[in-house]
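The values are calculated or read from the model by the stated rules, or taken from the named source; none is laboratory data. Keep in mind that this is a model prediction, so the values were computed, not measured. Virtual Cβ from ideal backbone geometry, glycine too; neighbours counted across all protein chains shown. SASA here: full protein model, heavy atoms, side chains in, ligands and nucleic acids out. Shrake-Rupley method; radii C 1.70, N 1.55, O 1.52, S 1.80 Å.
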Amino acid sequence: MSSTTHGTTPYYFVPGPSRHPIMAAIGLFFVILGAGQWINAHQWGAYSLAFGLLWWWVVLYQWFSESIRESESGQYGHKIDLSYRWSMSWFIFSEVMFFGAFFTALWWTRTHSLPALGSLDNALLWPDFKAVWPSVAAGVTGSPAGIVEPFQTVGPFWLPTINTALLLSSGVTLTIAHHALRADHRAQCIRFMWLTVVLGIVFLGVQGYEYYHLYTELNLKLSSGAYGSTFFMLTGFHGLHVFIGMLMLLFITLRLQKGHFTAERHFGFEGAAWYWHFVDVVWLGLYFLVYWL
């Protein structure tokens, strides 16, 4: 399965033919089919979506288990490690572009679209519209056509600030865990990894409570104009990434408890740490641009 070997580790490991890619594609087909039909009021779409997700998760479990066995058996050498590092780097770069698009949409709406709608060119169309952000200020008609319900905006205190402290603390505990692993202090590493996972779960709980508060008390929804759509797209997708990152850290912690990774070889740990620190940085930008400005 490799070209040249050095000892027991191949110079470059080449896996054999695998069923996993086509099986994952089948699962994703049912996910997309079901989601598309469900949002178009076809109730059977929900069952297709659930089936596709279950299928996909089973395939991922089998696929990742196989990769872990290959890694633990010494099949992955320096070239594979380098390949994984480049792959994770490009993946995080794509995520930077993903969030960059939403931050750009927020900036464009506030600095270009809103002033244009409030200009003299549109005064005859929307005479009551005033170009202020957010469009819920006194005397401002945020929805000239009357299609957006009145809502209140949300500031940085206190739930967003608490979540900021939680995420920053999780970055610190993850760094301590990484240094412990590099020093071959596995028990300390596991303790701080569990602490990091718990902080991630608490963050999600606080954000869920915040969403409930926004919907029930402030009437702020995804349909609340440009403010509501950009707010929930940014915070919602970030919350999804926190959930994914928390799962990554959870699985890494479970692998640590099984004796996986060494002080010298632990890119699985590092890749998850890169992703988590990226999530931290995105939240800082979001906290400042969405909650403060």
For this session: Please work out which one of (1) within 25 Å of the chain's Cα centre (by Cα); (2) open to solvent by 30 Å² or more (accessible area, probe 1.4 Å) is the condition Gly171 fails and give its number.
Result: (2)
Exercise. Of the residues that make up region 254-262, is at least one in a helix (DSSP H, G or I), under 19 Å from Thr104 (Cα atoms) and either in contact (Cβ under 8 Å) with a residue 60 or more places away in the chain or not β-branched (Val, Ile, Thr) (or both)?
Worked result: no
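To keep it simple, each residue is scored yes or no on (1) among the small types (Gly, Ala, Ser); (2) loosely packed, with under 12 Cβ neighbours inside 10 Å; (3) modelled with pLDDT of 90 or more; (4) more than 19 Å from Phe251 (Cβ to Cβ).
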position	(1), (2), (3), (4)
Ile39	no, yes, no, yes
Phe51	no, no, yes, yes
Ser87	yes, yes, yes, no
Phe103	no, no, yes, yes
For this session: Kindly establish whether His178 is surrounded by 13 or more Cβ atoms within 10 Å (Cβ to Cβ) and more than 19 Å from Tyr287 (Cα to Cα).
Result: yes
Problem set entry | Residue in region 59-82 that is farthest from the chain's Cα centre (by Cα), counting only those that are within 28 Å of Val31 (Cβ to Cβ) and open to solvent by 70 Å² or more (accessible area, probe 1.4 Å) | Arg69
Seminar exercise, completed: Checking Tyr215, Tyr227 in turn, the sole residue that is surrounded by fewer than 17 Cβ atoms within 10 Å (Cβ to Cβ) and hydroxyl-bearing (Ser, Thr, Tyr) turns out to be Tyr215
Exercise. With respect to the numbered conditions (1) free of Cβ contacts under 8 Å to residues at least 40 places away in the same chain; (2) open to solvent by 60 Å² or more (accessible area, probe 1.4 Å); (3) within 30 Å of Pro150 (Cβ to Cβ), which one is the sole condition not fulfilled by Arg191?
Worked result: (3)
For this session: Write out, first by first residue and then by second, each pair whose Cβ atoms fall under 9 Å of each other, whose residues are 6+ apart or on separate chains, and whose first residue, in region 73-96, is among the small types (Gly, Ala, Ser) while the second is open to solvent by 60 Å² or more (accessible area, probe 1.4 Å) and assigned to a helix (DSSP H, G or I).
Result: Ser89/Trp274
For this session: Output yes when any residue across region 124-141 is of a type in the set (Asp, Glu) and at pLDDT 80 or above, and no when none is.
Result: no
For this session: Give Leu289, Leu222 a once-over and let me know the one that is surrounded by fewer than 17 Cβ atoms within 10 Å (Cβ to Cβ), part of a helix (DSSP H, G or I) and modelled with pLDDT under 95.
Result: Leu289
Seminar exercise, completed: In region 256-277, anything open to solvent by 10 Å² or more (accessible area, probe 1.4 Å) and either over 22 Å from the mean Cα position of the chain (by Cα) or under 30 Å from Pro115 (Cα atoms) (or both) is listed as Gln257, Lys258, Gly259, His260, Phe261, Thr262, Ala263, Glu264, Arg265, His266
Exercise. Does Leu204 qualify as being among the hydrophobic types (A, V, I, L, M, F, W, C) and touching a Phe, Trp or Tyr at 6+ places or on another chain (Cβ under 8 Å)?
Worked result: yes
Exercise. How many of the residues making up region 230-254 are open to solvent by 20 Å² or more (accessible area, probe 1.4 Å) and in contact with an Asp or Glu (Cβ under 9 Å, 6 or more places away or on another chain)?
Worked result: 0
